Amino acid sequence: MKRRDLLKAAALIPAAAAVTAAPTQASPMTRKFDEEYDLVIVGSGFAGLAAAYSANKNGLNKILVIEKMGAFGGNSAICGGIACMPDTPLQKKHGIEDSPELLVKDMLKVGRGFNHPELCEAMAKGASTAYEMLMECGVEFKDKLIRLGGHSAPRGHIPTNASGGGIVVPMHKYLLNKGVKFQNRTNVSAIIRDDANNVCGVEVQTDFDPNTGSAKGEMTYGSRHGIVIATGGWGNDKKFVKTTMPAYANLKASAQPGATAEMIKSLLSLGSLPIMLDMYQLGPWGSPDERPAGPGSFFADYAFSEGIAVDPMTGKRFVNELSSRRTRSEAELEVMKKGTKAKPNYPFTFCGEETTKRSEGFRAAYRDGAVRKSDSVAELAKLHGVDETQLAQTIAEWNEIVEGKPDPFNKPLDVRTQLKPPFYSFRLSPVLHYCMGGVAITADAQVVDVTTCEPINGLFAAGEITGGVHGMDRLGGCSSVDGLVFGQIAGRAAAKYKANV
Ligand SMILES: Cc1cc2nc3c(=O)[nH]c(=O)nc-3n(C[C@H](O)[C@H](O)[C@H](O)COP(=O)(O)OP(=O)(O)OC[C@H]3O[C@@H](n4cnc5c(N)ncnc54)[C@H](O)[C@@H]3O)c2cc1C
């Protein structure tokens with residue numbers, strides 16, 4: 001079925017949808033697809049993989065995962081892979097008390113109440129099932145946990161290779177063994193609905209070249225159980241970011257090049273309810289001295305936790321270094337505003353040598369010059385253009401806090417380490433990191449229709465393409481869990497749904 005045939009049928013779209021439904025076509029009266037599957041899943045990151053896993057577990061055999069890029073895995077493959085899951089065997093082993101309820105509390109606080117509570121709860125409660133899935137797929141975590149900003153407990157599970165690849169690769173392998181078909185360089189260009197407006201397939205461009213947008217062929221795929229959209233965020237779509245949030249237009253983005261906006265546009269055209277599309281999360285561990293989310297960002301998480309961050313202009317701390325990403329990024333941008341082009345004022349975070357031994361990313365960031373060593377307070381002050389006496393006082397005050405004096409910023413301290421030379425420091429400059437907004441979904445991962453506020457039959461979505469789970473800001477290490485949990489929910493719900501194919 002080619003695009004021209006689908007266009008002939010466009011008249012079947014109801015009036016309200018017809019004005020906006022450019023990339024989304026109604027299917028003709030007699031539907032003939034080039035290929036048919038039990039379930040078509042679009043996107044091969046955490047959410048898409050988890051959807052394939054649970055669809056397979058729930059009895060679907062012919063599953064197709066479509067990926068437009070040459071490489072599978074999207075942002076999930078390049079990310080740090082930290083997964084903040086409460087109440088796991090690893091937490092118990094380390095004697096850490098935690099619960100899904102505490103995670104929900106943390107998420108609502110950092111999301112400033114803009115979260116959809118039922119989605120938060122579904123995510124937190126589903127984390128243990130996601131953990132079991134990861135274990136079954138052969139994912140391995142380090143024998144330690146990290147506390148990221150805004151979390152009430154150390155619950156960050158780190159894959160042994162400190163990368164999302166440590167999750168994506170074993171899952172991909174597991175699913176291949178289960179007979180799931182993966183097809184790369186295939187761009188979904190339209191979502192197909194049947195006469196009754198239910199979603200039943202996709203139109204794709206095959207041999208797609210993401211660099212040029214060209215493709216060699218077109219195909220249609222029918223999907224007997226609706227479709228799952230797991231296409232991630234659009235942080236690298238400069239025009240869409242600028243249009244939705246002009247203030248962030250010039251920020252560098254941490255996302256992979258394929259993180260563009262065509263699928264969110266397609267979903268909007270189809271009549272999906274949008275949530276907070278102008279809301280983005282900044283990564284407070286960005287730096288002018290490395291690519292967005294390079295190895296220094298991992299080092300920074302440890303320096304924030306065990307060291308401090310300082311404003312060069314004042315020589316003082318300026319934020320709770322373990323507050324939410326939004327709070328830290330906003331504070332860093334305020335510090336940077338005090339500088340000029342000729343004399344920038346980048347805040348910096350630093351720690352002592354002990355901390356570097358624990359930190360992922362340190363060696364690469366130090367080798368590449370993003371993290372720099374100073375053998376004394378004087379050297380550190382000179383490196384960052386800070387008043388030496390004030391910096392020495394700030395360090396002395398911090399060391400008293402480590403010994404038990406109250407912290408005016410109230411930072412939680414899991415590891416109490418005195419700050420002493422040599423120091424390792426890293427300049428900070430926030431990067432655009434995560435799309436808070438997306439399409440609205442139900443707790444069953446069904447996409448919600450903008451006109452009826454009811455689910456769109458046959459259309460499921462999971463992961464960063466959806467909005468509402470995290471509200472205005474996301475806790476670190478919770479996007480992986482979001483994608484893995486809602487991917488599983490979407491796969492399960494799709495397996496129950498029967499499309500008219
Ligand atoms: C550098 C970096 C570090 C991060 N670190 C962490 C971390 O440690 N912990 C954490 O929880 N989160 C982290 N995040 C966030 C997290 O990685 C993402 O939010 C998450 O991976 C999104 O998963 P997803 O499955 O929704 O989408 P993705 O993993 O991005 O997958 C979506 C896929 O869909 C494909 N696609 C898009 N449109 C189409 C189309 N039209 N047709 C076919 N395919 C399409 C994309 O190419 C992509 O491969 C990080 C993000 C970045 C960028």
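The values are calculated or read from the model by the stated rules, or taken from the named source; none is laboratory data. Remember, predicted model here, so these are calculated numbers, not experimental data. Here Cβ is always computed from backbone atoms with ideal geometry, including for glycine, and neighbour counts include all displayed protein chains. To get the accessible areas, we keep the full protein, side chains included, count just its heavy atoms, and leave off ligands, DNA and RNA. Shrake-Rupley method; radii C 1.70, N 1.55, O 1.52, S 1.80 Å.
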Placed amide H near residue 36: partners under 5 Å, 5+ positions off or other chain: 222
If the chain between residue 453 and residue 364 were fully stretched, how many nm would it gain, using 0.36 nm times the residue separation less the Cα-Cα distance? 27.2 nm
Return the percentage of antiparallel bridges among DSSP beta bridges fully within region 196-337, rounded to the nearest 5 %. 90
From the phi angles alone, apply the Karplus equation (6.51, -1.76, 1.60; θ = phi - 60°) to region 326-340 and give each ³J(HN,Hα) in whole Hz, x where the residue is Gly or Pro. 5, 4, 5, 5, 4, 5, 5, 4, 4, 4, 5, 4, 6, x, 10
Place a point 7 Å from Cα of residue 407 in the direction of its Cβ. Which residues in region 140-161 have their backbone N less than 15 Å from it? 147-154
Using a 1.4 angstrom probe on the protein heavy atoms only, could you order 160, 231 from most to least accessible area? 160, 231
What is the distance in Å between the Cα centroid of region 157-204 and that of region 367-389? 46
I want to make sure I understand the PRE zone here: with the label point 7 angstrom from the Cα of residue 400 toward its beta carbon, which residues in region 306-324 have backbone N atoms less than 19 Å away? 307-311, 315-321
For residue 466, list long-range residues whose amide hydrogen, built 1.01 Å from N in the peptide plane, is under 5 Å from its own amide hydrogen. 439
Area of residue 278 that stays accessible when all protein chains are in place (1.4 Å probe, Å², to 10): 80
Do any chymotrypsin sites (Phe, Trp or Tyr not before Pro) in region 53-130 lie in a DSSP loop with no more than 16 other beta carbon atoms within 10 Å, and if so, which? 114
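Extension gain residue 278-residue 375, at 0.36 nm per residue separation less the Cα-Cα distance, in nm?
So the chain would gain 30.5 nm between residue 278 and residue 375.
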With eigenvalues of the C-alpha gyration tensor scaled by 5 and rooted, region 390-449, Å: 42, 17, 10
Under 26 Å from the Cα of residue 181, which lysines turn up, not counting those fewer than eight places away in the same chain? 2, 32, 57, 62, 68, 173, 216, 496, 498
What FRET efficiency comes out for residue 71 versus residue 316 if R0 is 25 angstrom and r is the Cβ-Cβ distance? Round to the nearest 0.05. 0.05
For q values of 0.05, 0.06, 0.08, 0.09 Å⁻¹, compute log₁₀ I(q)/I(0) with the Debye formula on a Cα-only model of the chain, without solvent. -0.20, -0.29, -0.50, -0.62
Could you calculate the contour length gain from residue 211 to residue 176, that is, 0.36 nm times the residue separation minus the distance between their Cα atoms, to one decimal place in nm? 9.9 nm
With Cα coordinates, the longest principal axis of the chain makes an angle with the long axis of helix 117-137, in degrees rounded to 10, of 90
Placed amide H near residue 190: partners under 5 Å, 5+ positions off or other chain: 203
Percent of beta bridges antiparallel (DSSP, the chain, rounded to nearest 5): 65
Where does the charge balance sit around residue 381 when Lys and Arg score +1, Asp and Glu -1, over other residues with C-beta under 11 Å from its C-beta? -2
Spatially proximal aspartates and glutamates relative to residue 105 (Cα-Cα < 15 Å; intrachain offsets below 8 disregarded): 87, 97, 118, 121, 473
